[in-house]
Amino acid sequence: MKPLDSRTFDRLSGKRIALIGMSGVGKTHLSRLLRDTRRWYHYSVDYRLGKAYLASHIDDDLRARAMQDPVLGPLLLVDALTLRAKFSIDNLDVMSGYLGKIGDPRKGGLTRAEFLERQRIHRNAEQAAMQDTASFVRRSETVYGYPSFTCDTSGSFCSVVDPWDPNDPILSDLAATHIIVYLEAGAEDEERLIARFKHRPKPIYYSDAFFSQCERDYLCEDKNWDSVDPDAFAIWAYERLLTFRRPRYEAIADRWGYRVKAEELARVSSEQEILDVLRAHIS
């Protein structure tokens, strides 16, 4: 159900907006623009899921790796060394490093079993971080006094909810309190995202359905995951991931929120310009 019309949107003294779409389309950039006005609280789902729900898994993984080192291992055993992941909204590389890529262990890849386990952990963490949104809305108002709130979702958001389920708990709760805005990537945006990914292929979350499809299409009789180059597979899968996620995001926007071309919001430079673009799409 569409939550409001443009007239109601204008009358809201405090606004709550949830930005959804692929990583790299501008969600965090817009959230920062709004945050810098000091009237908007910026809730980064990626930061929350890493800091609150993955930190212990990441720290244990780092310690296990360090234990294999002849110098670091003994220091850890006698508690002479502190090893802990560092998170910031602007740098979540440690979280990507933990998620990892599937493929040849000699090239830094994970086994199939370990890869799928980390994917499962990530999915649960992202769902929990999304369910924390309401509590952060309350904190932003009662503790910090922010009148407005931006939920900056992960690029994999559409893969941890069911866009076609009218009773999906995460989407139902989010739509009840936020204006959900899908930043829709155009052809040029997608070309830019693909080029950027090829330059620096990063670990990424795949839904079970998407990974099963990739496994069927990528592997052949004489190939197994231990012989797969992790970066080569990640690059092969990325363009297909854009195609896989697109209808999921469209379904969320059509049922629960609104679509806005990413290029429209890429040109804005102020809170008022952002609100003007959003108002034009809310009917």
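The values are calculated or read from the model by the stated rules, or taken from the named source; none is laboratory data. All values reported here derive from a predicted model rather than from experimental measurement. As a convention, Cβ positions derive from the backbone with ideal geometry for all residues, glycine included, and neighbour counts pool all protein chains shown. Protein only, heavy atoms only, side chains kept; ligands, DNA and RNA dropped before computing areas. Shrake-Rupley method; radii C 1.70, N 1.55, O 1.52, S 1.80 Å.
Points worth noting:
- With respect to the conditions (1) at pLDDT below 95; (2) within 19 Å of the chain's Cα centre (by Cα); (3) among the aromatic types (Phe, Trp, Tyr), residue 218 lacks only one, and its number is (2).
- Of all residues in region 254-283, those that are assigned to a helix (DSSP H, G or I), closer than 17 Å to residue 24 by Cα and among the aliphatic types (A, V, I, L, M) total 3.
- Every residue from region 168-210 that is open to solvent by less than 10 Å² (accessible area, probe 1.4 Å) and either of a type in the set (D, E, K, R) or in a helix (DSSP H, G or I) (or both): 171, 174, 193, 210
- Matching helices (runs of 4 or more DSSP H) fully within region 1-106 where at least 2 residues are of a type in the set (Lys, Arg): 6-11, 27-35, 55-67
- Test: residue in region 3-13 that is open to solvent by 40 Å² or more (accessible area, probe 1.4 Å) and modelled with pLDDT of 85 or more: no
- Residue selected from region 84-127 under the condition touching a strand residue (DSSP E or B) at 6+ places or on another chain (Cβ under 8 Å) and either charged (D, E, K, R) or crowded, with 21+ Cβ neighbours inside 10 Å (or both), by the criterion nearest to residue 45 (Cα to Cα): 118
- Among (1) at pLDDT below 95; (2) farther than 30 Å from residue 243 by Cα; (3) not β-branched (Val, Ile, Thr) - the single one residue 23 does not satisfy: (2)
- Number of the condition not met by residue 278 [criteria: (1) open to solvent by less than 60 Å² (accessible area, probe 1.4 Å); (2) modelled with pLDDT of 95 or more]: (2)
- Selection from region 216-253 of residues that are surrounded by 14 or more Cβ atoms within 10 Å (Cβ to Cβ), among the acidic types (Asp, Glu) and part of a helix (DSSP H, G or I): 231, 239, 250
- Search result, residues across region 48-57 that are within 21 Å of residue 137 (Cα to Cα) and either among the small types (Gly, Ala, Ser) or open to solvent by 70 Å² or more (accessible area, probe 1.4 Å) (or both): 50, 51, 52, 53
- Flag if residue 60 is acidic (Asp, Glu) and in contact with a helix residue (DSSP H, G or I) (Cβ under 6 Å, 6 or more places away or on another chain): no
- Qualifying residue in region 58-78 (condition: open to solvent by 40 Å² or more (accessible area, probe 1.4 Å), more than 12 Å from the chain's Cα centre (by Cα) and closer than 30 Å to residue 137 by Cβ): no
- Taking the numbered list (1) in a helix (DSSP H, G or I); (2) touching a His at 6+ places or on another chain (Cβ under 7 Å) in turn, residue 138 passes all entries but (2).
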